[in-house]
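Single-structure report; data block below.
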Amino acid sequence: MRNLLVLGAGTAGTMIVNKLHKRLPRDEWTITVVDRDDDHHYQPGYLFVPFGGYARDEIVRSRHHFVHDGVRLVYGEVDRVAPDDHVVHLADGRALPYDYLVIATGTSPRPDQTPGVLGPEWRRSIFDFYTLDGAEALHRALEVFDGGRLVVHVSEMPIKCPVAPLEFTFLAEAWLRERGLRDRVELAYVTPLDGAFTKPVASEHLGHMLAERKVEVVTDFMVERVDPDRKVLVSYDEREVPFDLLVTVPVNMGADFVARSGLGDELNHVPVDKHTLLSTAYDDIFAVGDASNIPASKAGSVAHFSVEVFVDNFCRYVTGEPMTGRFDGHANCFVESGGGKALLIDFNYDTEPLPGDYPLPGLGPFRLLEETRTNHLGKLAFRWMYWNLLLPGRPIPLPAHMSMTGKHTPNRK
Ligand SMILES: Cc1cc2nc3c(=O)[nH]c(=O)nc-3n(C[C@H](O)[C@H](O)[C@H](O)COP(=O)(O)OP(=O)(O)OC[C@H]3O[C@@H](n4cnc5c(N)ncnc54)[C@H](O)[C@@H]3O)c2cc1C
């Protein structure tokens, strides 16, 4: 028997084991997946929690429910990979051997990486919404917020779902207006980027939306520390941004065991070939989803599209055939804009988000880079698709590779 060991039963890991269980001969393969606990979180749902949108039981489900019975699910904290011995050590002393290893342990917010964030103001006037506990604490704080400076802050790129802080800003602005508080709140968006987003056409569009909503945008802000006593963010070039309520997206980092195993870059993401997801250092290790260092958005959609390519490639690779599939960095994200509307962006390594229709030209039903009600309904419907189609590894009628069909290239000066 050959052993496939997958670390992490989140979005990517769960899809991988469920799809490969159907594809690999059962008399030849044992498939094992490891995760630390039984709580699978639908992370896109965190965005709505601060505004009273979802309750905990709508976004947390039992992990084992989604892992096929023929796959061995092991609960434990991964402590270290010993790549030369082809073995993974768990924190409780168990050792799991492998013939092929897939690292799918994602990336996590690390508030400890910015001095002052975890000080006396943490979860008093400094919050995050990249964890469920953080999003719930922020909800309680917003319920009693009655005015002042609300600052939304991105510490460092890459972060998972790079549009989520923008979505939070749009939703907060709409929420304050609905509550009659907008006139009493100064809203600021503070980013290390030189604009609202990483890609020029979308950045211009989203920047315009922030300006329309009278959100002050502070760019190129490389945070050095937070001063909790004076309630200011301080950058390396000594600029200061004051806040009454700070909503920060902390530095996102891959799992510590990746660093301990000598497998990561400076943010503990695993260097891989961006088309095949094979480790650049070991020919029996892959990294899929947020855990890898591919230059695509860290997003569930990227995990989904890349898993499609990975699974076909993996089935060829283990029989000695070349991996002919090439992941193109395809990402597809709904961007909530408040008032029951959303935009949709669709892009890959080479093509930035462009306006147009998706997936059918002239018909949509979704509009790219345009705020519509249908896009918002698409975002809400995605939660159902996640639990019922995506995680079980059922086919979804969306191509893994980005298509130019329906997209319009704007004339640039
Ligand atoms: C606020 C927010 C909004 C988002 N919105 C969107 C969106 O609208 N659209 C979109 O496409 N994506 C969105 N995302 C991103 C999306 O959730 C992630 O990109 C996706 O979950 C990545 O999947 P993954 O399998 O790589 O990692 P994860 O799903 O995070 O899974 C990693 C798993 O590894 C486990 N693990 C980690 N370390 C260890 C260890 N040492 N031992 C054992 N187990 C371990 C974890 O418990 C976890 O289950 C959002 C994320 C956030 C935080």
Practice item. Return yes or no: is Val33 over 25 Å from Pro228 (Cα atoms), more than 8 Å from the ligand (Cβ to nearest atom), under 20 Å from the mean Cα position of the chain (by Cα) and part of a strand (DSSP E or B)? Key: no
Exercise for review: Being under 26 Å from Glu336 (Cα atoms), more than 13 Å from the ligand (Cβ to nearest atom) and small (Gly, Ala, Ser) narrows it down to one of Gly93, Gly52, so name that one.
Suggested key: Gly52
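Here's the yes/no breakdown for (1) outside any loop (DSSP other than H, G, I, E, B); (2) open to solvent by 10 Å² or more (accessible area, probe 1.4 Å):
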residue	(1), (2)
His65	yes, yes
Asp69	no, yes
Leu73	yes, yes
Arg80	yes, yes
Asp85	no, yes
Leu101	yes, no
Arg124	no, yes
Asp133	yes, yes
Arg140	yes, yes
Practice item. Mind counting the residues in segment 6-30 that are within 12 Å of the ligand (Cβ to nearest atom) and not in a helix (DSSP H, G or I)? Key: 5
Study note, to complete from the structure: Taking segment 266-294 and the residues there that are part of a loop (DSSP other than H, G, I, E, B) and among the charged types (D, E, K, R), the one that is surrounded by the fewest Cβ atoms within 10 Å (Cβ to Cβ) would be Glu266
Check your understanding: Taking Lys199, is it open to solvent by 20 Å² or more (accessible area, probe 1.4 Å) and on the phi > 0 side of the Ramachandran plot?
Key -> no
Practice item. Would you confirm whether any residue within segment 106-113 is surrounded by fewer than 22 Cβ atoms within 10 Å (Cβ to Cβ), in a loop (DSSP other than H, G, I, E, B) and away from the ligand (no atom under 11 Å from the Cβ)? Key: yes
Exercise for review: Restricting attention to strands (runs of 3 or more DSSP E) lying wholly within segment 315-382, give those where 3 or more residues are touching a Ser or Thr at 6+ places or on another chain (Cβ under 8 Å) and surrounded by 18 or more Cβ atoms within 10 Å (Cβ to Cβ).
Suggested key: 331-338, 341-347, 364-368
Review point. Which one of these is out of contact with any Pro (no Cβ under 6 Å at 6 or more places or on another chain), charged (D, E, K, R) and closer than 30 Å to Lys231 by Cβ: Arg123, Arg61, Arg94?
Key: Arg123
Point to revise | Qualifying positions in segment 352-367 - touching a helix residue (DSSP H, G or I) at 6+ places or on another chain (Cβ under 9 Å), closer than 21 Å to Lys199 by Cα and not aromatic (Phe, Trp, Tyr) | key: Glu352, Pro353, Leu354, Pro355, Arg367
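The values are calculated or read from the model by the stated rules, or taken from the named source; none is laboratory data. Predicted, not measured: the structure shown is a model, and the values here were computed from it. Positions of Cβ are generated from backbone atoms using ideal geometry, with glycine treated the same way; all protein chains shown enter the neighbour counts. The accessibility values were calculated without ligands, DNA or RNA, using every heavy atom of the protein model including side chains. Shrake-Rupley method; radii C 1.70, N 1.55, O 1.52, S 1.80 Å.
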